[in-house]
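S.K.: Below you will find the structure I want to go over with you.
All of the numbers you see were taken from the coordinates with simple rules; none came from a lab. Everything numeric in this text was worked out from a predicted model, so none of it was measured. Positions of Cβ are backbone-derived with ideal geometry, glycine not excepted, and every protein chain shown enters the neighbour counts.
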Amino acid sequence: MDLAIRCSHYIDPVTFELQRDVILLIEKGRIAETIIGGEVSGGLTGLAKETLNYEAALLAPGFVNAHCHLDLSHLARQLPTGLSFTEWIDCIIEGRKVPAQQVSAAIEAACDELLASGTTSVIDVSVDGASYTPLQRRGISGAVCLEALGIDGSKADAAMERVDAVVRQIEGEAEKFYATGATHGSPLRIGFSPHAPYSTSGELYQHMFGRAVGEGRVLTTHVAETLDEQQFFRIAQGPIRDFYERRKIALAGFTGYDQSPITEILWEWFAPWLSVEQANSRLVLVHCNYPQGPDLDHLARFKPSIVYCPRSHAYFGHEEYPLADLLKTGANLCLGTDSLASNDSLSMLDELRAAREAHPALDAATLFKMATINGRKALDIAPDTADLVALGIPQGAQDATLLNSILNARAPIYAVIQRGRIAARAV
């Protein structure tokens, strides 16, 4: 075996049941054997090439940050609170006008923060794929989703060509690029991200999603993030239209769709590629803060992944997140941090604490699933994949309230395991 880990508590990544006194045997990046309730006091000598031995620790699936913008990390603590959404977008546009070295250095630091805080996989939205190499170097798996936008449908092909050029640069020659969406066997893949319905034409959405389905890629998009978006998408009026006019961006005849963007995306734009027989987990809808009309019915019908970003949600002062309603749809609910331009950290434990504070009636196990195994579903990560995090257990913690105790006590991270490799370890 490559690695043996002994721990007092273990969350099974398939059943999410809490198990006591476990020895986990890992080989070739997979969990090969789980020994439960055995004679763990006898030590691990001879069981594997490397060992980790914890008297009091919870070994759990590694955290999956299902939505982040690592290329905005240089804006950490640079933007004031209290901005309107369009004022914030203005700041983001101006904030991108910095030297590439500054952006690169901030991405490197952000990747270190991800790893140190127990994140083993991400769905990162990137303009030019700059996060790919830093993530790959650290062994962080998931998808770097290349962003495209443009409300003029006649320019959709040109926008896709720009994305294709980045894909070829990262993945190599065309025959491999048009294969499976996997990069030469790497656990880090390239995906696609049409930005949002208020900024991206239906033609570009369909082009990107059709390609994502055909090539086995993740597609993620912001949707129903603000009430301003709902207004603009329906009737082409409001603060977002004012933003376009202020920026002198032509609307290319856009007059609105007279329905919610969630319904338009699922029921009109993506319907030819969506399955009603099984969940569409690789379609990742970010935010869904303001579902309206038949949106919940369509989410229940197609069951995409949905990402809730609690601290970013609070930063913008949105209405209470409709988490209970979204959970009832059966969609795959995940958690993400969003960017450091609207958040204080990339720690998923911090995100879990914020989610629990906003939804105190929701049990901790559901929240932890959103931060771990639900993210795995969006990325097609197998349950036996040895992506794990070892968390310290507060003294006196009881099994029935263990997850809450870990959040309350701000438990330390002892180790991060990626594909069976010790990627980070407390000393």
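S.K.: Please count, across the chain, the pairs of lysine residues with Cα atoms under 21 Å apart that sit 8 or more places apart or on different chains.
M.R.: 10
S.K.: Order these by the 10 Å Cβ neighbour count, fewest first: VAL98, VAL125, VAL167, VAL22.
M.R.: Going from least to most buried by this count: VAL98, VAL22, VAL167, VAL125.
S.K.: A further question on this structure: How do ASP157, ASP338 line up, fewest other C-beta atoms within 10 Å first?
M.R.: By the 10 Å Cβ count, ascending, the order reads ASP157, ASP338.
S.K.: A follow-up question, please. How do SER154, SER345 rank when sorted from fewest to most other Cβ atoms within 10 Å of their own Cβ?
M.R.: SER154, SER345
S.K.: Counting only C-alpha contacts under 8 Å and six or more residues apart, can you give the relative contact order of the chain as a whole percent?
M.R.: In percent, rounded to a whole number, it is 19.
S.K.: Please grab the % of Cα pairs in segment 216-328 that end up more than 21 Å from each other.
M.R.: Tail of P(r) above 21 Å: 41 percent of Cα pairs.
S.K.: May I ask for the net charge around PRO239, where only other residues with Cβ less than 11 Å from the Cβ of PRO239 are counted and Lys, Arg are +1 while Asp, Glu are -1?
M.R.: -3
S.K.: Taking segment 63-379 on its own, what percent of its Cα-Cα pair distances exceed 28 Å?
M.R.: 34 percent
S.K.: Cα axis of helix 156-171 to longest principal axis of the chain: angle in degrees, 0 to 90, nearest 10?
M.R.: Compared with the principal axis, the helix lies near 30 degrees.
S.K.: Would you pull out the residues with amide H under 5 Å of VAL127's amide H, same chain only if 5 or more places away, H placed 1.01 Å from N?
M.R.: Amide H to amide H, under 5 Å and 5 or more residues apart or across chains, VAL127 pairs with GLU147.
S.K.: What do you get for the angle between helix 202-215 and the principal long axis of the chain? Use alpha-carbon atoms, 0 to 90 degrees, nearest ten.
M.R.: The angle comes out at about 30 degrees.
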